[in-house]
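What follows is a set of notes on a single structure, which appears directly below.
The values are calculated or read from the model by the stated rules, or taken from the named source; none is laboratory data. Here the structure is a predicted model, which means the values were calculated and not measured. Ideal geometry is used to build each Cβ from the backbone, glycine not excepted, and the neighbour counts take in all protein chains shown. Heads up: the accessible areas ignore ligands, DNA and RNA and are worked out on the full protein's heavy atoms, side chains in. Shrake-Rupley method; radii C 1.70, N 1.55, O 1.52, S 1.80 Å.
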Amino acid sequence: MTDNGHLDARTLHGRLNHPVIDADGHWLEYGPVMREEFRRIGGEAAVEGLALASQRVPNSLKMSVAERARRRVGQEAFWSSPCENVLDRATAMMPRLMYERLDDLGIDFSVVYPTAGLSYHRMQDTRLRRAICRAYNVFAADQFRGLEDRVIPAAIIPMYTPEEAIEEIEFAATQLGYKVIMVGGMMRRPVPALAEERPDAASLVEWYDVVGLDSPHDYDPVWRKCQELKLAPSFHNGARSILLRNSPSNFCYNHIGHFASAGHAVAKALFFGGVTRRFPDLNFAFLEGGVGWACMLYADLIGHWEKRNPEGLENTKPGNLDRARLLDLATKYGREAVVDLVRRGEGLDDNGDGTGGVADLDDYSRCGIGSKQDLLDRFAPRFYFGCEADDPTNAWAFNRKMSPMGARLNTLFSSDIGHFDVPDMAGVVPEAYEMVEHGLITDDDFRDFMFENAVRFWGEVNPDFFKGTAVEKAAAEVLTRRAR
């Protein structure tokens, strides 16, 4: 989107008939303070974990491009925090200053996610991972204490096993008072065959567990715990510097689309794994990847179901091939070699009539899909997508004409303040409003994007989520209207 250039955030906010909720801001944890606090909170294990996590990017940037290429290490971000705009840098570092500046930013209430802490819950070493996540949650709760009416942090939840996830969720919610949790959705795990046959190489090859489908663990107890404690899980997964985003020389190549790629994988897994069928009242958010990928995923799920449902599979079932009719056609139109091979039946079962050993040929069986309406119900109401202000494809979510069955997907305004892609925090809300000015969405759509969708995401799972906040009354009106 282009620079708005004529409405400052305060002026724009004053013209709106609704509050603005930032569903995904970020703060910049100050390393020296964090290190000392982690020592106090979690002891040497937390400090060791912090040191290990803090050195990954610097160690990568110390390598030459040639060395990264030799090791297949992706180019990481450099110069990724505000510098020229020192006020924004300080705002990202100091929660109380962020709180005081919200009116200038045109924001009424903000949920703040980590920056350094985004990767802590994916640390491989169990002892260090548990220690660093616990220390971080205690540390962040303390840093934001007293600001809860307008700014709250998200807890980070390790998900390598359901047991560790449940333990940290319970501690964060019941002992520290967290209302927002960031759960892991791409767990790095060893390949069992390598671990058994080549233990010396097992650590060099990993696969990514997307927790909703084909996981070695059953994560339903985690989702039940979320329901019990009235927590809507949010995923802030990335796929930077792995697989197809692993350039040793170009950070932007690695960065573009990586949140969308990770969100796509986890959302698809939760859907195909039947999680949204078994937990129809639990909302899930996928942050910072936009909604364009979700529009395509929704359409793809419908398109594939139409072709691959049990009835559709009859069209490609090898046993339904009329070989006599095919031979007649080959005799009339084919060359002699084709006729002879068709007569012998060679190549007509292109995969040997095999199905890969799956017990149920219906890939949608876990979802309980009997109609396209079921598909809509299992996807659109339960999934929410974090969208940044400068992404014009956010408008796709509101276009019923281009969406199968006229669906509207749930967008969440996500400022991403604190990161390199926000050169001016005060410009984010006006930039988001450009979609209205350019005729891409209506004012009512903008209200959903900036306010009501966030209320529904958290408030449907926890009706008291906004109690005591600056948006309590307006949020209650939305939830009451939705309940009628």
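Given region 167-291, what percent of its DSSP beta bridges are antiparallel, to the nearest 5?
Beta bridges within region 167-291, antiparallel portion: roughly 45 percent.
Quote the charge dipole size of the chain about the Cα centre in Debye, to the nearest 20; the model charges only the Cβ of Lys and Arg (+1) and of Asp and Glu (-1). Walk me through the intermediate numbers first.
Working: 56 positive and 72 negative charges, 122 e Å.
With Lys and Arg at +1 and Asp and Glu at -1, about 580 debye.
When only the heavy atoms of the protein chains count and the probe is 1.4 Å, how do Val210, Val33 rank by accessible area, highest first?
Values: Val210 25, Val33 65 Å².
Ranked list, largest accessible area first: Val33, Val210.
Near the amide H of His26, under 5 Å away, which other amide H atoms are found, from residues 5 or more places off or on another chain, if H is placed in the peptide plane?
Amide H neighbours of His26: Tyr113, Asp416, Ile417.
Average projected area of the Cα convex hull of region 286-436, in nm²? Please report the intermediate quantities before stating the final value.
Numbers: hull surface 57.4 nm².
Result: 14.3 nm².
Based only on Cα atoms, what mean projected area does the convex hull of region 222-310 have, in nm²?
Values: hull surface 28.7 nm².
Across all orientations, region 222-310 yields a mean hull projection of 7.2 nm².
Could you sort the peptides 379-388, 195-204 by per-residue average Cβ neighbour count (10 Å cutoff), highest mean leading? Walk me through the numbers before you get to the answer.
On the way: 379-388: 23.5, 195-204: 11.2.
Top of the packing list down: 379-388, 195-204.
I'd like the trypsin sites (Lys or Arg not before Pro) in region 142-214 restricted to DSSP loop residues with at most 16 other Cβ atoms within 10 Å, sorted by number.
Passing sites in region 142-214 are Arg145.
Given points 7 Å out from each Cα along the Cα-Cβ axis, report the Arg482 to Leu204 separation in nanometres with one decimal.
If labels sit at Arg482 and Leu204, their model points lie 5.0 nm apart.
Which trypsin sites (Lys or Arg not before Pro) from region 9-101 combine a DSSP loop assignment with at most 14 other Cβ atoms within 10 Å?
Passing both the DSSP loop test and the Cβ count: Arg72.
What distance in nm lies between label points placed 7 Å from Cα along the C-beta direction at Leu313 and Arg39?
Result for the modelled spin labels: 6.0 nm.
Of the DSSP beta bridges with both residues in the chain, give the percent that are antiparallel, rounding to the nearest 5. Numbers along the way, then the final one.
On the way: 4 of 26 bridges.
If I count the DSSP bridges inside the chain, around 15 percent turn out antiparallel.
Amide H of Val151 versus every other amide H placed in the peptide plane: which residues, excluding those fewer than 5 positions away on the same chain, fall under 5 Å?
Under 5 Å from the amide H of Val151 lie the amide H atoms of Ser110, each far enough along the sequence or on another chain.
Just name one of Tyr384, Leu282, Asn17: the one whose Cα is farthest towards the positive end of the charge dipole of the chain (beta-carbon charges, Lys/Arg +1, Asp/Glu -1).
With unit charges placed on the Cβ atoms, the residue in question is Leu282.
How much area per residue is accessible in the chain when the probe is 1.4 Å and only protein heavy atoms are counted (Å²)? It would help to have the intermediate numbers written out before the result.
Details: 22730 Å² over 484 residues.
With the other protein chains kept in place, the chain gives 47 Å² per residue.
Taking all protein chains in place and a 1.4 Å probe, what share, in percent, of the accessible surface of region 165-268 do carbon and sulfur account for? Present the calculation step by step, with values, prior to reporting the outcome.
Details: 2570 of 4710 Å².
Carbon and sulfur together cover 55 percent of it.
From the Cα gyration tensor of region 17-150, with a ≥ b ≥ c the square roots of its eigenvalues, which class applies: rounded if a/c is under 1.5, or else prolate if a/b is larger than b/c, or else oblate? Spell out each step's value before the answer.
Values: a/c = 2.30, a/b = 1.41, b/c = 1.63.
Cα axes put region 17-150 in the oblate bin.
Can you give me the Cα centroid spacing of region 195-219 and region 42-85 in angstrom?
24
Show Glu434, Glu67, Glu336 ordered by accessible area, largest first, where the area counts protein heavy atoms only and the probe is 1.4 Å.
Values: Glu434 0, Glu67 45, Glu336 160 Å².
So, going from the largest accessible area down, we get Glu336, Glu67, Glu434.
Consider the candidate values [x] 20, 36, 28, 14, 3, 0; [y] 23, 56, 16, 4, 1, 0; [z] 21, 52, 21, 6, 0; state which one is P(r) over Cα pairs in 20 Å bins from 0, in percent computed from the structure displayed.
Checking each listed value against the structure points to [z].
What's the local net charge at Leu243, with K and R +1, D and E -1, over the other residues with C-beta under 13 Å away?
Details: positive: Arg72, Arg188, Arg240, Arg245; negative: Glu206.
Spelling it out: positives minus negatives among the neighbours equals +3.
Return the carbon/sulfur percentage of the accessible area of region 412-484, one whole number, probe 1.4 Å, all protein chains in place.
Values: 1400 of 2960 Å².
Reported share for carbon and sulfur atoms: 47 percent.
Which of the aspartates and glutamates could a cross-linker bridge to Lys225, judged by Cα under 18 Å and excluding same-chain residues fewer than eight apart?
Cross-link targets: Glu163, Glu164, Glu167, Glu168, Glu170, Asp281, Glu460, Asp464.
Roll a 1.4 angstrom probe over the protein heavy atoms and tell me the percent of accessible area of region 1-129 that is carbon or sulfur. Walk me through the numbers before you get to the answer.
Numbers: 3510 of 6560 Å².
Carbon and sulfur together cover 54 percent of it.
Give Lys179/Lys401; Lys268/Lys401; Lys268/Lys317 a once-over and call out the pairs whose C-alpha atoms are over 30 Å from each other. Walk me through the numbers before you get to the answer.
On the way: Lys179/Lys401 36 Å; Lys268/Lys401 23 Å; Lys268/Lys317 26 Å.
Correct reply: Lys179/Lys401.
Tell me what the chain gives for mean residue ellipticity at 222 nm when only DSSP H runs of n ≥ 4 count, each as -39,500 (n - 2.57), the sum divided by the residue total, rounded to 500 deg cm²/dmol.
On the way: 21 runs with 215 residues, N = 484.
Estimated from H runs of four or more residues: -13000 deg cm²/dmol.
Could you list which residues have their amide H under 5 Å from that of Tyr384, counting only those 5 or more apart in sequence or on another chain, with H placed in the peptide plane?
Phe284, Ala285, Phe286
Can you pull the one-decimal nm distance between simple spin-label points at Val436 and Ser371, each 7 Å off the Cα toward Cβ?
3.7
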